[in-house]
1. Among the residues of segment 139-169, write down those that are in a strand (DSSP E or B) and touching a Phe, Trp or Tyr at 6+ places or on another chain (Cβ under 9 Å).
2. Between ASP360, ASP303, which is acidic (Asp, Glu), out of contact with any strand residue (DSSP E or B) (no Cβ under 6 Å at 6 or more places or on another chain) and farther than 30 Å from LEU242 by Cα?
3. Out of (1) under 25 Å from ARG112 (Cβ atoms); (2) free of Cβ contacts under 8 Å to residues at least 60 places away in the same chain, the odd one out for ASP197 is which?
4. Which of the following residues is under 26 Å from ARG342 (Cα atoms), at pLDDT 95 or above and among the acidic types (Asp, Glu): ASP176, ASP183?
5. From the set of residues in segment 304-321 that are open to solvent by 40 Å² or more (accessible area, probe 1.4 Å) and without any contact (Cβ under 8 Å) to a residue 60 or more places away in the chain, which is farthest from ASP153 (Cα to Cα)?
6. Restricting attention to segment 209-221, does a residue exist that is surrounded by 19 or more Cβ atoms within 10 Å (Cβ to Cβ) and at positive phi?
7. For ALA380, only one of the following conditions fails: (1) open to solvent by 10 Å² or more (accessible area, probe 1.4 Å); (2) part of a loop (DSSP other than H, G, I, E, B). What is its number?
8. For residues in segment 302-330 being touching a Leu at 6+ places or on another chain (Cβ under 7 Å) and polar (S, T, N, Q), which is farthest from TYR270 (Cα to Cα)?
Amino acid sequence: MEAAEEQAAAPVAAAADCEAAETSVMEEDASAEVATAAAGEDDAAAAAAAAAAAAAAYSWPELRFDLPPRRLHHFADQFRSPCSSAGNFLKGVKWSPDGSSFLTSSDDNSLRLFYLPEDAYSATAEHTAEAAVGAEDSYGASLQVNEGEPVYDFCWYPYMSVSDPASCVFASTSRDHPIHLWDAATGELRCTYRAYDAMDEITAALSISFNSTGSKLFAGYNKSIRVFDVHRPGRNFEEYSLAKGGEGPTGIVSSISFSPQNGMLAVGSYSQTTAVYAESNMEPLYVLHGQLGGVTQVLFSKDGNYLYTGGRKDPYILCWDIRNTVDIVYKLYRSCDTTNQRVQFDIEPCGKHLATGGQDGMVHIYDLQGGQWVTGFQAAADTVNGFSFHPYLPLATTSSGHRRFGMEDESEEESSLSGDENCCSVWKFSSSQET
């Protein structure tokens, strides 16, 4: 147990080192500013120009959506291999915080990790041929983690970096199992976080998310949230009832999202309700109604002023202004009218556009300034249930698939899938930085 605790404490240590490094950099910058001021106005102007040039060199790529994206990599066969269960399909995809890899979840109770090839970071990626649909997979998964039961949710440690092996972890939760913290480099189980019900039996979390600092792991259950200290695995947790007062979510907590700016978290539930809480003491701040189906995802904007919510069997993503929650700001359409699937959406690093999948196999992209539709592209022939923007490169990844119920007399040829069904793809967008 002590060894497990030490391993679980590693991400926290990494976060602390990161904060200490930032403090050191701030102190060095402050000293540099004083020295520059003493040197004279010319030196100050030169330093400002150098800082502006450095900022421009490391600015986020502004994606261009007037040109269709190119499919760089495509994966399908390994999700249909004999090792996978019959009728297997993908359920979601998420990029790692450092952008080195992405993680997929599928119905065969497995999580697969794919590393981004090194040439994706270089200029040669511009001339890479588009991946052919129906051909062999671009490359195989570097890691596969098998859970014993269906995976409910998974998330990356927010300070994950391949340069720091101690921080390379992700968490997952599955039916009848505790929360697992996995080593992304080796696939070994680092530790578990266990919650028990009134009968002293393990109860599974339905949704999980690390807080912004990576020190706490928030887990959603039926009408409650349990908060685990990351560096103390086991059965120690704080529990908060959401039904207290009769205004909070009364159903299963399906999604948790943390604001990047103002210390709030949003909680979506299958009771068609979204609630916003203060992270420090879980004090309820707002309760939002308006989703036609159970809420399946909540996501804050990059500035923390807006909240986006989507639901099952609901064709609209709702935009809420956290500063004034009286009414919905606007609605974004997507094709999700008849599915209970969790269909993911994501916001690009610049924070200007939102992209979402749907049952029509399309990815729709919207301008968040006013909610106008910008463009769309065909990503698959079946339901696009996962979409994730790369954290700093003009890339995105999609996952597609849905449950199929075949007839007993259906031939093998009739039940076979095409190359753009039940698949995962990496897309490259044009950007303003390209010459």
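1. Filtering segment 139-169 down to residues in a strand (DSSP E or B) leaves 143-146, 151-156, 161, 164, 169.
Selection gives LEU143, VAL145, PHE154, CYS155, TRP156, VAL169.
2. Working: ASP303 fails: farther than 30 Å from LEU242 by Cα.
None of the other options fit; the residue is ASP360.
3. All conditions are met except number (1).
4. Working: ASP176 fails: at pLDDT 95 or above.
Among ASP176, ASP183, only ASP183 is under 26 Å from ARG342 (Cα atoms), at pLDDT 95 or above and among the acidic types (Asp, Glu).
5. Our first condition is that a residue be open to solvent by 40 Å² or more (accessible area, probe 1.4 Å); within segment 304-321, this holds for 305-306, 312-313, 316.
Subsequent filtering for residues that are without any contact (Cβ under 8 Å) to a residue 60 or more places away in the chain retains 305, 312-313, 316.
Working: ASN305: 26, ARG312: 16, LYS313: 19, TYR316: 22 Å.
Filtering first and then ranking leaves ASN305.
6. Yes: segment 209-221 contains one or more residues that are surrounded by 19 or more Cβ atoms within 10 Å (Cβ to Cβ) and at positive phi.
7. The failed condition is (1).
8. Once the filter is applied, the top-ranked residue is THR325.
The values are calculated or read from the model by the stated rules, or taken from the named source; none is laboratory data. Just so it is clear, the model here is predicted, and its values are computed rather than measured. Ideal geometry is used to build each Cβ from the backbone, glycine not excepted, and the neighbour counts take in all protein chains shown. Surface areas here come from the heavy atoms of the whole protein model, side chains and all, with no ligands, DNA or RNA. Shrake-Rupley method; radii C 1.70, N 1.55, O 1.52, S 1.80 Å.
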